[in-house]
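*Asks:* Pasting a structure here, questions to come.
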Amino acid sequence: MRNKRGQVTIYIILGILILVAIGVIIFISNTSLRAGLSSENDEAFLASQVEPLRSFIDGCVENIVKEDLALLKKYSGYQQENVYSLDYRGAKINYLVYKDGGPANQLNPISEIESGLADSVKNKFRSQCNLKNFKANLKLNDDFSKFNVKVTVRDAVIDLEVSYPLILSKGNSQLKIDAFNVDVATEFGVIYKAVTDIINGEINLRFDKLKYEQANQNIFITKDNLDLRNSVYTVTTKKGEEFLIFAVRR
């Protein structure tokens with residue numbers, strides 16, 4: 001009888017140990033599963049934030065460039081009134097040809113326009129492109145010391161390559177973004193090329209408006225001769241949505 005009781009006790013203990021082992025295995029499995037699901041959810045959430053973040057930054061950079069473009073058109077390729085300007089129909093118009101001292105060609109080089117746009121984006125980005133709405137839902141680390149912008153003005157678009165290292169974090173998951181490509185549709189580039197041709201022609205006293213328009217049928221030029229020495233040009237395209245106005249003094 002005692003032997004049978006001992007065997008029963010052993011079986012009971014073994015059964016309890018087996019149940020405990022099974023419970024531990026289930027607990028560990030569930031914990032790992034929950035951790036895996038949580039990590040997958042965090043990764044999915046971070047991935048879902050990439051496109052909204054890109055769209056926000058792209059749109060914000062585009063708005064900054066459009067603000068500056070309005071000034072470039074208003075001030076003949078500059079962002080402010082130049083040293084040489086005249087009053088024309090209630091507005092200050094910059095001279096791009098001025099033969100009364102200094103270099104006759106006053107056109108702002110395209111390289112200066114591009115660097116000016118890049119500097120403007122850098123200077124305005126932090127104040128106009130606040131990422132606080134994204135930081136409310138995730139941890140977002142940015143290194144603004146590495147923020148850089150390269151601008152290229154083309155005929156029908158302004159290309160901006162923005163380098164801005166960002167690290168998005170949630171839980172133990174991370175996602176890195178460091179490059180944004182922004183295209184701003186504008187005919188400023190093709191208009192600028194026409195203005196360059198007009199200036200070169202005026203300096204050499206051989207610009208022919210009719211011949212130029214025949215050879216460049218997308219370009220429309222208006223010339224207002226104020227007197228023998230001063231004229232105001234307005235240059236636009238067939239669309240007529242954008243123009244650049246400037247003055248010439250022979």
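The values are calculated or read from the model by the stated rules, or taken from the named source; none is laboratory data. Computed from a prediction, not measured in an experiment: that's the story for all the values here. Reconstructed Cβ throughout: ideal geometry from the backbone, glycine too, with neighbour counts over all protein chains shown.
*Asks:* Criterion first (at pLDDT below 95, farther than 30 Å from residue 141 by Cβ and of a type outside the set (Ser, Thr, Tyr)) does residue 226 satisfy it?
*Replies:* no
*Asks:* When residue 63 is evaluated against the numbered criteria (1) under 19 Å from the mean Cα position of the chain (by Cα); (2) in a loop (DSSP other than H, G, I, E, B); (3) among the polar types (S, T, N, Q), which criterion, by number, is the only one it fails?
*Replies:* Tallying (1) under 19 Å from the mean Cα position of the chain (by Cα); (2) in a loop (DSSP other than H, G, I, E, B); (3) among the polar types (S, T, N, Q), residue 63 fails exactly one: (2).
Residue-by-condition table, conditions (1) free of Cβ contacts under 8 Å to residues at least 60 places away in the same chain; (2) within 30 Å of residue 223 (Cα to Cα):
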{"residue": "160", "(1), (2)": "no, no"}
{"residue": "174", "(1), (2)": "no, no"}
{"residue": "179", "(1), (2)": "yes, no"}
{"residue": "185", "(1), (2)": "yes, yes"}
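*Asks:* Also, I was wondering about something else. Just for helices (runs of 4 or more DSSP H) wholly inside segment 104-222: which have at least 3 residues that are modelled with pLDDT of 95 or more?
*Replies:* Of the helices (runs of 4 or more DSSP H) lying wholly inside segment 104-222, those with at least 3 residues that are modelled with pLDDT of 95 or more span 110-128, 188-203, 209-215.
*Asks:* Another one. I'd like the residue in segment 210-225 that is aliphatic (A, V, I, L, M) and in contact (Cβ under 8 Å) with a residue 12 or more places away in the chain and, out of all such residues, is surrounded by the most Cβ atoms within 10 Å (Cβ to Cβ).
*Replies:* Out of the qualifying residues, it is 219.
*Asks:* In segment 123-160, which residues are surrounded by 14 or more Cβ atoms within 10 Å (Cβ to Cβ) and farther than 30 Å from residue 243 by Cα?
*Replies:* Of everything in segment 123-160, those that are surrounded by 14 or more Cβ atoms within 10 Å (Cβ to Cβ) and farther than 30 Å from residue 243 by Cα turn out to be 131, 134, 138, 140, 142, 147.
*Asks:* In this structure, does residue 97 turn out to be outside any helix (DSSP H, G or I) and of a type in the set (Val, Ile, Thr)?
*Replies:* yes
*Asks:* Scan segment 52-66 and give yes if some residue there is buried (at least 17 other Cβ atoms within 10 Å of the Cβ) and either free of Cβ contacts under 8 Å to residues at least 60 places away in the same chain or aromatic (Phe, Trp, Tyr) (or both), otherwise no.
*Replies:* No: segment 52-66 contains no residue that is buried (at least 17 other Cβ atoms within 10 Å of the Cβ) and either free of Cβ contacts under 8 Å to residues at least 60 places away in the same chain or aromatic (Phe, Trp, Tyr) (or both).
*Asks:* Write out, first by first residue and then by second, each pair whose Cβ atoms fall under 9 Å of each other, whose residues are 6+ apart or on separate chains, and whose first residue, in segment 139-151, is under 22 Å from residue 186 (Cβ atoms) and of a type in the set (Val, Ile, Thr) while the second is exposed (fewer than 11 other Cβ atoms within 10 Å of the Cβ) and at pLDDT 90 or above.
*Replies:* Cβ pairs passing all conditions: none.
*Asks:* Also, I was wondering about something else. Could you look through segment 226-241, keep only residues that are buried (at least 16 other Cβ atoms within 10 Å of the Cβ) and not polar (S, T, N, Q), and pick out the one that is farthest from the chain's Cα centre (by Cα)?
*Replies:* In this case the residue turns out to be 232.
*Asks:* Okay, next question. Looking at segment 181-199, is at least one residue over 23 Å from residue 108 (Cα atoms), touching a Leu at 6+ places or on another chain (Cβ under 9 Å) and buried (at least 18 other Cβ atoms within 10 Å of the Cβ)?
*Replies:* So far as segment 181-199 goes, yes, one or more of its residues are over 23 Å from residue 108 (Cα atoms), touching a Leu at 6+ places or on another chain (Cβ under 9 Å) and buried (at least 18 other Cβ atoms within 10 Å of the Cβ).
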